[in-house]
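Asks: Structure provided below as structure tokens; questions to follow.
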Amino acid sequence: WRQRRAELALSWNDPLWGRRGCAEPIAGVPWAVPAPGPAGRPPMLARHVQRLGRDCIAHWNGSQILTLNNPVYSCMRWGGHYPWASFPLPIPADSSANWRFPPFLGPWRQFQNCNWQLDNFMQSSCFHLPNPSMKSEGEEPLTKKRRLSGQHDTSTPEKETNLSDQEEALCLSVARNEEKHSSKKGTIKRHWEYFCQHSRTMEMIENKETDQSSTESEAKFDFTVMSYNILSQNLLEDNSHLYRHCRQRLLIWTYRFPNILQEIKQLDADVLCLQEVQEDHYRTEIKSSLESLGYHCEYKMRTGRKPDGCAICFKTSKFSLISSNPVEFFRHDIPLLDRDNVGLVLLLQPRFHCKTNAAICIANTHLLYNPRRGDIKLTQLAILLAEIASVAAQKDGAFCPIIICGDFNSVPGSPLYRFIKEGKLNYEGLAIGKVSGQEQFPRGQRILSIPIWPKKLGISQNCVYEIKQQQREENAGEKLEAGKLDNAQEIVITSEKVSSKLQHRFKLSSVYSHYFPETGIPEVTTCHSRSAVTVDYIFYSAANDDPAAQPGAEDSCCGGLKLLGRLALLTEKDLWTVNGLPNENNSSDHLPLLAEFRLIER
């Protein structure tokens, strides 16, 4: 068939589409391709085929191949001729794939005298793609196609995101990200959003003007924090149904890890909070790679049989480690806590010339996924908050600045999310399936018990360790005052036995607003075949003059953190223009979150 393949070398740049020197179309069949004309020019594809566009293109070994239908896998071979088709057809390596040929190609017999030369089909042809390896909209899951019907055709060249013209009421100035990977075709450009009064440009001006006034009572220390669920390879393979929209070669760890490492290099955060870090990969590749970039790494593996965990890595040029505190949510003597999720809490000391006791508490966690077990999620969160309260406590009773990162498996506005931000939650009558807000119609209708966790857990309804709290009170003040406090504490603990109110003392704000202010379209941190939502967060204790500071922040925090900027998130529509997550350039099903802070010490 090689001789027949050579009969037609497609002249894609021919403005007359090969009409010159070609015979007239076959009568009654306007789309049929005529035989070569007397001038020796090869015939051209009919316009019906020309208009197939990107739905007829797949990626194979770095080049573009014209195929007839989706899905087309990266592992494919030319299977020769079918009796009813006179040209070679691409056959997926997976013989279970169902191939359907489009009806608009008409009778196949009209192709008896022609064949197609496909080896030199490049991006300069009549089909233009934003990315030579990006899959077509037709390969998206059916639910996504229905949801996205009515949106713009994804075949348009490199669609620009509309994040740049969405400004928040807080007066955000948006600057385009200058990173190298943003120049790649098929990559959605994420913009860096600066708060006007704290942009880097203004910071440079301020530094020049205040060189002589460096002895102010406020000392400034700027740093960046990333939260990133990098998708454990083990979990990916156990949940392959979530990634049916992806090419198989994009899901291999040897392809994914270089992409993830490249993202980390380019974003260049001072602190990394990573979730779903597989233990063997961490031990053999991840830790050494990050240490070569100047990071010190702390890791906590999940209990039980799950081989992944959480890691916090920080640049030794910016911080030194005061303490590392792993947190296990599993309790063998408490049936409620039978899951293997973990957390990690670090106390870091900034390397700058100011107060010697300046510290920042960084926490990282990955809460239970199960949407119907809100009772477990709240208890895991309470354990993490109790550990943070223990680590971040200062001698004067206040807390050092706190940053909490992670995958909380809860959506914005859910009861669990509101509890983190508002510091209180009355869960009386609340169904366990509604705690995280993951399901629109939750199946878990059982009401949360009061209290949620047993007293032997040792954590109060205020999300602190009861024993440490009592010890702290005994060591504070005079004996008479301590006795009064003890009596008051006994009353509080007694009332907690029947109380349905949870509380914590941290005044936390979210780096992201979760909705684009002008359109109301939700931001998305994860996107796969089944959902596209926000479940990843960076919470922080805002300084008093930070626009996002919660009321009463001055009562519980020494100084605080001022949010200088953040890496903008995307919409679900944006992500499906590059075939969701993971894709050619983004090798996790989550997006990295990145924020810049300024530490304020008074």
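Asks: Taking the solvent-accessible surface of protein heavy atoms with a 1.4 Å probe, what is the per residue accessible area of the stretch 267-418 in Å²?
Replies: 35
Asks: Between A542 and residues 5 or more places away or on another chain, which pairs have amide H atoms under 5 Å apart, with H built 1.01 Å from N, and which residues are they?
Replies: S509, Q550, L561
Asks: Using each residue's phi in the stretch 232-243, evaluate 6.51 cos²θ - 1.76 cosθ + 1.60 at θ = phi - 60° and report the 3J(HN,Hα) Karplus result to the nearest Hz, with x for Gly and Pro.
Replies: Whole-Hz 3J(HN,Hα) from phi for the stretch 232-243: 4, 4, 5, 5, 4, 6, 6, 10, 4, 5, 7, 10.
Asks: Of the cross-linked pairs K424/K456; K507/K573; K265/K300; K318/K421, which ones have a Cα-Cα span greater than 31 Å in the structure shown?
Replies: K507/K573
Asks: Using the Cα atoms of the stretch 213-352 to build a convex hull, what is its mean projected area in square nanometres?
Replies: The number I arrive at for the stretch 213-352 is 11.7 nm².
Asks: Can you give the extra length, in nm with one decimal, that the chain gains between Q394 and S324 once fully stretched, where that is 0.36 nm per residue apart less the Cα-Cα distance?
Replies: Here the segment from Q394 to S324 would lengthen by 23.6 nm.
Asks: Give me, ordered by chain and number, the residues 5 or more places off I459 or on other chains with an amide H under 5 Å from its own placed amide H.
Replies: Result for I459 returns E466.
Asks: Output the Kirkwood hydrodynamic radius of the stretch 350-415, Cα pairs only, in Å rounded to one decimal.
Replies: Across the stretch 350-415, the inverse of the average 1/r is 13.8 Å.
Asks: One-quarter of the Cα convex hull surface for the stretch 291-408, in nm²?
Replies: Computing the convex hull of the Cα atoms and averaging its projections yields 8.6 nm².
Asks: List every residue whose amide H lies under 5 Å from the amide H of I252, counting only residues 5 or more places away in sequence or on a different chain, with H placed 1.01 Å from N in the peptide plane.
Replies: It is none; the list stays empty.
Asks: Same structure, new question: Explain nothing, just compute: Karplus ³J(HN,Hα) = 6.51 cos²θ - 1.76 cosθ + 1.60, θ = phi - 60°, for every residue of the stretch 279-290 in order, whole Hz, x for Gly and Pro.
Replies: Using θ = phi - 60°, the values come out as 4, 5, 5, 4, 5, 8, 10, 5, 4, 5, 5, 6 Hz.
Asks: When the Cα centres of the stretch 359-438 and the stretch 277-347 are compared, how far apart do they sit, in Å?
Replies: 18
Asks: Which FRET efficiency value, to the nearest 0.05, do you get for I252 and D280 by plugging their Cβ-Cβ distance into 1/(1 + (r/R0)^6) with R0 = 22 Å?
Replies: The computed FRET efficiency comes out at 0.90.
Asks: Which of the peptides 536-546, 311-321 is most tightly packed, and how do the rest follow, going by the mean number of other Cβ atoms within 10 Å of each residue?
Replies: Listed from highest to lowest mean packing, they are 536-546, 311-321.
Asks: Going highest first, how would you order 417-429, 562-574 by mean Cβ packing within 10 Å?
Replies: Highest to lowest by the protection proxy: 562-574, 417-429.
Asks: Another question, then. Mind listing the phi-derived Karplus ³J(HN,Hα) values for the stretch 528-540, rounded to whole Hz, using 6.51, -1.76 and 1.60 with θ = phi - 60°, and x for any glycine or proline?
Replies: 9, 5, 10, 7, 9, 9, 9, 10, 9, 9, 10, 9, 8
Asks: Using only the alpha-carbon atoms of the stretch 232-294, report the extent along each of the three principal axes, biggest first, to the nearest angstrom.
Replies: Ordered largest first, the stretch 232-294 gives principal extents of 37, 22, 19 Å.
The values are calculated or read from the model by the stated rules, or taken from the named source; none is laboratory data. Just so you know, these numbers come straight off a predicted model, no measurement behind them. We place every Cβ from the backbone using ideal geometry, glycine too, and count neighbours over all the protein chains shown. Surface areas here come from the heavy atoms of the whole protein model, side chains and all, with no ligands, DNA or RNA. Shrake-Rupley method; radii C 1.70, N 1.55, O 1.52, S 1.80 Å.
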